[in-house]
Every structure is written in C-alpha cells, then in structure tokens.
1. Pairs, please: C-beta under 8 Å, at least 6 apart or cross-chain, first residue part of a strand (DSSP E or B) and in the range 28-44, second charged (D, E, K, R) and buried (at least 16 other Cβ atoms within 10 Å of the Cβ)?
2. Suppose we keep only residues that are over 20 Å from V38 (Cβ atoms) and either touching a Lys or Arg at 6+ places or on another chain (Cβ under 9 Å) or modelled with pLDDT under 90 (or both) within the range 131-147. Which one would you say is surrounded by the most Cβ atoms within 10 Å (Cβ to Cβ)?
3. Looking for something assigned to a strand (DSSP E or B) and loosely packed, with under 15 Cβ neighbours inside 10 Å - is there at least one such residue anywhere in the range 103-123?
4. Would you be able to say whether some residue in the range 87-102 is touching a residue at least 40 places away in the same chain (Cβ under 8 Å), farther than 21 Å from S43 by Cβ and either among the small types (G, A, S) or surrounded by 19 or more Cβ atoms within 10 Å (Cβ to Cβ) (or both)?
5. Filter the range 13-38 down to the residues that are more than 9 Å from ligand 2 (Cβ to nearest atom) and under 13 Å from T76 (Cβ atoms), then identify the one that is modelled with the highest pLDDT.
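The values are calculated or read from the model by the stated rules, or taken from the named source; none is laboratory data. Because the structure is a prediction, the values reported are computed rather than measured. Here the Cβ positions follow ideal geometry from the backbone for every residue, glycine too, while neighbour counts run over all protein chains shown.
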Amino acid sequence: PIEPWFIGGPVIKGFGRGSKVLGIPTANLPADNFSELVSEHTSGVYFGWAGLSTHGIYKMVMSIGWNPYFDNTEKTVEPWLLHDFDEDFYGEELRLAIVGYIRPQANFHSLESLIERIHEDGRIAEKALDLPAYAKYKDSPYLRNPL
Ligand code: ADP
Ligand code: MG
C-alpha cells in the first residue's frame, strides 16, 4: 500500500494521441504545478479516484512518468477515467486521489501489447478500488470541488 496523494487542476490539451492512437483517452493535468510531488514518486502505473467538477467521481488509472513508448522527455500526469463520457471536458477542474500502485513503467515492443497492458491495468484498478482499503478514498472532500 502507498501513502495516498492528491493533485488536481484544469484539464489541458496533451498531444492528442491518447484517444486518437490508442483508443484510451487520458485527461492531462499541468504537471509543472506539482512537479515536486510527481518526482517524489516512482514512475509507473497508479490507480485511484478522479473527481470531475459538474460530473462526479470515477475510478481512474494513470501512468506517472515518461512514456517510454513515445520517448517523452517530460514527466506527464494523465489519468484514464474508467467511464464512457459523451463529451470532452477540457478546462474542467479535475481532482485526483492516487491511492495504489500497479507496476513500474515498461517498454512495449508493439502498440498492441501496450494497449493490451493498459486494459489489464484498467481491470486491476476497477477491482482494487472496490476493496474497502481503496474504496474509502472515494469520499475524500478534496475530490468534491465544487461538486
Ligand atoms: P490529449 O492529448 O489532449 O490529452 P487525449 O487523446 O488523451 O487528448 O484525450 C483526452 C481528452 O478526452 C480529455 O482531456 C477529455 O476531455 C476527453 N475524455 C473523454 N473521455 C475520457 C476518459 N474516459 N478519460 C479521460 N479523458 C477523457
Ligand atoms: Mg491525454
């Protein structure tokens, strides 16, 4: 188990390749706002809860760090919310409670194996977040701004 941490901000535009190339949209946050918090944490795949103002609270899975497949040079924070939305929500306030760790970052030899692994991460997150130890953070007041 990890010590939960909390970050948030307005959803910004990324490189537009999450949903377009992978079929997995990731809501990007301005990582410079909390680069210290991010650098304190091991790169890898985490899960937790996402509070999206005006929408609600959802399960999420996210990678922290450089994206080896795309040779990113900057650390990014981009959760995939495990919910089907009818519309994009750029500019909305997104609050995250990051409560668990799944795996370190890995290199994938194909886009197919990367996508496969992210879906597996999503299933792991779905299940883990139903466990009381992780489910309790759904009620974190921090997530509910301004719900
Ligand atoms: P970008 O590179 O701009 O982040 P993506 O291709 O990663 O673009 O798509 C992310 C955007 O898609 C989010 O900013 C959000 O507005 C929208 N979106 C729709 N559904 C989801 C979802 N389930 N999880 C995350 N973002 C989503
Ligand atoms: Mg994205």
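1. N28/E78
2. The selected residue is K138.
3. Narrowing the range 103-123 to residues assigned to a strand (DSSP E or B): 103.
Next, from what is left, pick out any that are loosely packed, with under 15 Cβ neighbours inside 10 Å: 103.
Taking every residue of the range 103-123 in turn, at least one turns out to be assigned to a strand (DSSP E or B) and loosely packed, with under 15 Cβ neighbours inside 10 Å.
4. For the range 87-102, residues touching a residue at least 40 places away in the same chain (Cβ under 8 Å), farther than 21 Å from S43 by Cβ and either among the small types (G, A, S) or surrounded by 19 or more Cβ atoms within 10 Å (Cβ to Cβ) (or both): present.
5. Once the filter is applied, the top-ranked residue is L29.
Results for (1) within 12 Å of ligand 1 (Cβ to nearest atom); (2) small (G, A, S), shown as yes or no for each residue.
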site: P10; (1), (2): yes, no
site: K13; (1), (2): yes, no
site: G23; (1), (2): yes, yes
site: N28; (1), (2): yes, no
site: F34; (1), (2): no, no
site: L37; (1), (2): no, no
site: T42; (1), (2): no, no
site: F47; (1), (2): no, no
site: I57; (1), (2): no, no
